[in-house]
Every structure is written in structure tokens, then in C-alpha cells.
Amino acid sequence: MDAIRIRGGGPLRGTVPISGAKNAALPILCATLLSDGASRLRNVPALRDIETTAALLRFLGRDVTVLAPEVHVAAGSSVRPEAPYELVKQMRASVLVLGPLVARFGRAKVSLPGGCAIGARPIDQHLKGLEAMGCTIRLERGYVVAEGPGGGGRLRGSEVYFDIPTVTGTENLMMAAALARGRTTLVNCAREPEVEELGRVINKMGAEVDGAGTDVIHIKGSERGELAPFDHAIIPDRIEAGTYMVAGAIAEGGDVTLEGAELSDLEALVVKMRAAGVEVASEGQNIRVRRSGPLRAVNVTTAPHPGFPTDMQAQFLVLMSLARGESVISETIFEHRFQHVPELERMGATVALRGNTAVVQGVEKLYGASVMATDLRASASLVIAGLVADGETEVRRVYHIDRGYERIEEKLRRVGAQIERVKGAES
Ligand code: EPZ
């Protein structure tokens, strides 16, 4: 297994190009199942999760060509609406084939994703919504078996109230509703920009989605029972951009420009960065981050969009570990999302965990150490800590980071980081 080795140093300066959004590409690739035509997705990042999704679509019978930053999906042989545990266990987002498959083919058998490092992450809201659209749902030996009304018929439009805003739950039901008979109304939806982006694509495919990006979405399903293919370039990755914003601010004197990043997608983070004393400005299609003084401690509570993104919690906590004073970071979305804390403490951070809250006491500096990545965003936070730590840091199990960050060492080296990947560092 590879590791990433970082020699802590001075401020980062320069420009980082931001890739397309992983969490927009995954549902949009699954939406190709709603059409038999040839679709093209552009601005797709070269990531392990994209490869896993491509492998899943191929297993389902699609013809998929990944030529980053483009992915082409065409009909291929007949579809076998089954997503096996071997593929789903690699990436929970594989559950996003459930809605399109049962809506398009009348039945689907999809492995339950199972637990995850950051929380239990059930899919009850996804299943509740499909049942409301007329599906029968059975759980069989670790699989969800879903069938359309009357043993495999077309889904019917319905009203679904989410007990909790769920990103992939909203996306799964949007795709199912796009082929259901009649109208569907989804209430208390997730409002993430990636949900809005999926709405744009489904509209391009010929269904009528209204309100994506708000908490109430109306969908009028296609009369024909199949949608048209699409050609679409996806939005920039706001979480990748947010990660480099923190990297740019981690050392005093930092001055980093994020090429092709959308400030409006990151307002909650920008407000907190500015409160911490970091200058953040929009410059045309770019965001510029500069830090010229000490960091101030700031409290943060994660929340569904447009609240502070849970996917930025770990990275922001590293920033607060070097701020003057005490900050309180509350994680309200996932129950086990502080696994980066013990690793940061190995680097000299002072953090007290109390339930879903981390009380961070700022320190003068961090020290390089060997640390272990536990999940995608935790691994990004350890890399950021290594950029400013005294001496050398080795981040292990970096396969987590390859799931969501395209060419991270190369991008960081462009702005002055001393970072390298050590192949096969771990047996
Ligand atoms: C999406 O996960 C993202 N993944 C996650 O990003 C992100 O952390 C999360 O949304 C929250 O923003 C993708 O888009 C592929 P949820 P998702 O359903 O959809 C509970 C990353 O780092 N819940 O919005 O799985 C759930 O347990 C990843 O890129 C139910 O109880 O998250 C959680 O507490 C990590 N029942 C909360 O809702 C359900 O049926 C929000 O989860 C569904 C969810």
C-alpha cells in the first residue's frame, strides 16, 4: 500500500486547478441507466470511485469508456439489474443504481452497503421512497430486492417526506421518479449543489425536474418509460476546493488561487474562514485565499447544505488546531467522524472529544509523525497537517485519498509543498 510523505514547510503560493465534482459524477453516471442511448460526461475527475462506478455499470451490462476527464456510457448487452456485494462494498454510493434500475427494468437486486467508518449510514429513506412509488422491497441475505408494482411494472408518481435530508436518498428517488408514471413530490430534500446538478442532467434527458437544490422537488416522469442520453460537463468539486482553501491558509503568508472553483457553493465555509482571519475573495472563475496574520479560534457545527459541510469538518479542525484560543467543532451528520483526532494528537494537536463535539485548544505548532488515514476526508486533514508540521509526516493507507482527490501530490507540489507518494510503503 502506498503512503504519502510530506516535509512540513512554509506557506503555499500559486494556483491549483479544481477538478470536477466526485459527488456529482457518481449519481450522474448512474443516471445513464435511465437511457439506452450513448451518454457523455465531461470534466470527470480521475478517481478510484469513478473506476468503481464504471466497473459496476459494466457489470450491469453497460458499455463504459473512461478517458478522464470524459466518460462515455452506451447500451452494451442486455442489463442484468443486480449490483453485487463485491462492488458495492468498495463504494457505498453504488446504492445509487437502485432507483434507476427498478424504475427502468421493473426490478433490482442491490447489495446493502453495510456499515462505514464514519457512521451506520442506513438507507431506510431510499427504500421508504421507492415503496411510496409502488415498489415491493425485500431484504434477502444482505441484498435489497426491489420490484415494481404488479411484479415488475412501472413505478407511479407519489409524495415522499424525508425524515432527514439525505443526499443520495434524494438523488435515488429523483432518478426513480424520472421514469415513474405521473408526478412525484419530494419534501425535506437535500439541497446540495450536487443534487441540483443531477436535476439539470435529468431535465436534459427529457423528464421534468423542478426545485432541485431546494427542500421541495417536483418531478414529472417521462411518458415513454425511457429517457434520452445526455452530454454534460459537471460542476467543480466544492469539497476539493474547500480542502485546498484550508491548505492555502494553514501557514501564515499563504496565497493560493483555486482555478475554476465556485465561491457560492462554499459560503458556509468561507464565512468561517474569514472569521478565522483568512482573506477569501472571488476572482472571476477563481477563488483566492490569503493569510497574513494569526488564526482566530472559531466554532463550527456541521449541517446539511447550505450549512457547514461535514465533508470539510476534518480539514477545518486542523486549521483550528493552530488557531489562537479554543474552538468547538460539532459534528451533527455522522456519528463517528472524529477518527482523525487521535492521529492529529500524535502530531501535537490538543483536542478533547465529548460525544459529537471536539473542543480544540490551539497550539503553536504541529510535529511530523507517522499517521493512519481512516476515511477520505480524514486523510485530507492529515495531509494538510503534514504541510505545516515540523519535520516529516507519513500518511498511511492513502487509498482513502485516491477515492476523492485527483493527483493531490502533484497539485500541492505546484504551490510549493514538499510532498511525495511512496509506492508500496506498507506491506
Ligand atoms: C453524501 O452521502 C456524500 N456522498 C457524503 O460525502 C457526504 O458526507 C454526505 O452526503 C453528507 O453531506 C455522496 O454524495 C456520494 P446522507 P450520503 O444520506 O448521501 C442519515 C465524501 O466524503 N440517513 O445525506 O450517504 C445518514 O446516516 C462523502 O465524499 C438515514 O438515516 O449521506 C446521515 O446521518 C462521505 N437514512 C444523514 O442521514 C437514510 O436513508 C445524512 O446522510 C439516508 C441517510
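Bear in mind these aren't lab numbers, they're just calculated from the coordinates by the rules spelled out. Predicted, not measured: the structure shown is a model, and the values here were computed from it. Methodologically, a virtual Cβ is constructed for each residue, glycine included, from the backbone with ideal geometry; neighbour enumeration extends over all protein chains shown.
Here the helices (runs of 4 or more DSSP H) wholly within segment 155-261 that include at least 3 residues being within 16 Å of the ligand (Cβ to nearest atom) and within 30 Å of G293 (Cβ to Cβ) are 238-249.
Close contacts from segment 53-82, counting a first residue that is under 18 Å from P229 (Cβ atoms) and a second that is crowded, with 20+ Cβ neighbours inside 10 Å and basic (K, R), with Cβ to Cβ under 8 Å and a gap of 6+ residues or different chains, come to V73/R62; A74/R62; A75/R62; G76/R62; V79/R62; V79/R104. Only residues that are more than 8 Å from the ligand (Cβ to nearest atom) and either closer than 24 Å to T52 by Cβ or touching a residue at least 24 places away in the same chain (Cβ under 8 Å) (or both) were counted in segment 117-140, giving 9. For K22, the test of being within 16 Å of the ligand (Cβ to nearest atom), farther than 20 Å from L227 by Cβ and crowded, with 24+ Cβ neighbours inside 10 Å is passed. Within segment 1-22, the residues that satisfy the criterion of being more than 24 Å from A74 (Cβ to Cβ) and not in a loop (DSSP other than H, G, I, E, B) are A3, I4, R5, I6, R7, R13, G14, T15, V16, P17. Selection of segment 397-409 for residues being under 21 Å from T15 (Cα atoms) and either surrounded by 21 or more Cβ atoms within 10 Å (Cβ to Cβ) or more than 21 Å from the chain's Cα centre (by Cα) (or both) yields I401, G404, Y405, E406, I408.
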